[in-house]
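Encoded as structure tokens, the structure appears first; notes follow it.
Readers should treat all values here as calculations from the given coordinates under stated rules, not as data from a laboratory. Since the structure is predicted, the reported quantities are computational estimates derived from the model, not experimental observations. Backbone-built Cβ (ideal geometry, glycine too); neighbour counts: all protein chains shown.
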Amino acid sequence: MKKNKQEVTMQQEMTTKTKFSNEVTVQVFDAVMLLRNTNLTALEMVQIISTLEDVVDDLYNALVEAFPQDEMCGDCSFCDGYLEDNVNVPDWAKVEAGIAPDAKLFLCVEEGSGHIMLEPTEYKHDITDIDEDMRMRLVDMGICLGEMNESIMDEEVIYRG
Ligand SMILES: [Zn+2]
């Protein structure tokens with residue numbers, strides 16, 4: 001019962017605050033969905049931009065807090081701007097090796113062997129899933145990409161609320 005009451009309050013708050021018109025547009029992105037009036041005035045557009053900027057600031061701050069750079073970051077290969085190149089392997093080669101086409105590969109070298117080996121990683125994502133421009137922006141904001149990479153690999157939840 002309590003839950004229902006909360007939902008009603010939220011709906012009323014949403015209607016008054018957003019002043020939704022009859023026509024709304026839903027935009028679905030990775031990990032976020034935007035619900036907005038379909039037709040917008042210039043003022044409403046600026047209000048949306050301003051609100052989204054607040055959300056972005058909040059998320060950046062949470063990342064800086066979770067992965068702050070420290071004096072060790074000079075040696076941190078990720079924060080030094082150095083990242084190993086992704087090795088592009090054609091899908092057919094992965095399939096033939098019995099590896100899923102979308103699997104991430106880890107490069108390993110046996111010293112002096114004359115061979116370079118690629119093995120599927122045990123994790124789904126890492127820092128290379130973030131494009132280079134964004135990675136550089138994160139470093140400039142004071143975020144340690146090395147620490148962040150560990151967290152991405154562990155699929156750790158770092159933000160609640
Ligand atoms: Zn670092």
Q: Report the net charge of residues surrounding Ile49, where surrounding means a beta-carbon distance below 13 angstrom and charges are Lys +1, Arg +1, Asp -1, Glu -1.
A: -3
Q | Whole-Å semi-axes of the ellipsoid equivalent to segment 68-161 (Cα gyration tensor, √5λ, descending) | A | 28, 17, 12
Q) For segment 68-161, with only Lys/Arg (+1) and Asp/Glu (-1) charged at the beta-carbon, what is the dipole magnitude about the Cα centre, in debye rounded to 20? A) 280
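Find out how many positive minus negative residues lie around Glu23, taking Lys and Arg as positive, Asp and Glu as negative, among other residues whose Cβ is under 14 Å from that of Glu23.
Its environment carries a net charge of +1.
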**Q.** Partner aspartates and glutamates for Lys94 [C-alpha distance under 14 Å; skip if fewer than 8 residues away on the same chain]
**A.** Asp102, Glu119
(Q) Could you derive backbone 3J(HN,Hα) for segment 29-37 from the dihedral phi with the Karplus parameters 6.51, -1.76 and 1.60 (θ = phi - 60°), listing whole Hz in sequence and x where the residue is Gly or Pro? (A) 10, 5, 6, 8, 10, 10, 10, 8, 4
**Q.** Straight-distance crosslink candidates among aspartates and glutamates, where the alpha carbon sits under 12 Å from Lys19 and sequence neighbours closer than 8 are dropped
**A.** Glu44
Q. Which listed residue (Gly142, Trp92, Ile152) has the Cα farthest towards the positive end of the charge dipole for segment 68-161, taking +1 on Lys and Arg C-beta and -1 on Asp and Glu C-beta about the Cα centre?
A. Trp92
(Q) Under the rule of at least 5 residues apart or a separate chain, name every residue whose amide H is placed under 5 Å from the amide H of Phe106. (A) Glu119, Thr121
Q.
Within 15 Å, Cβ to Cβ, of Glu65, how many net charges do the neighbouring residues add up to if Lys/Arg are +1 and Asp/Glu are -1?
A. -4
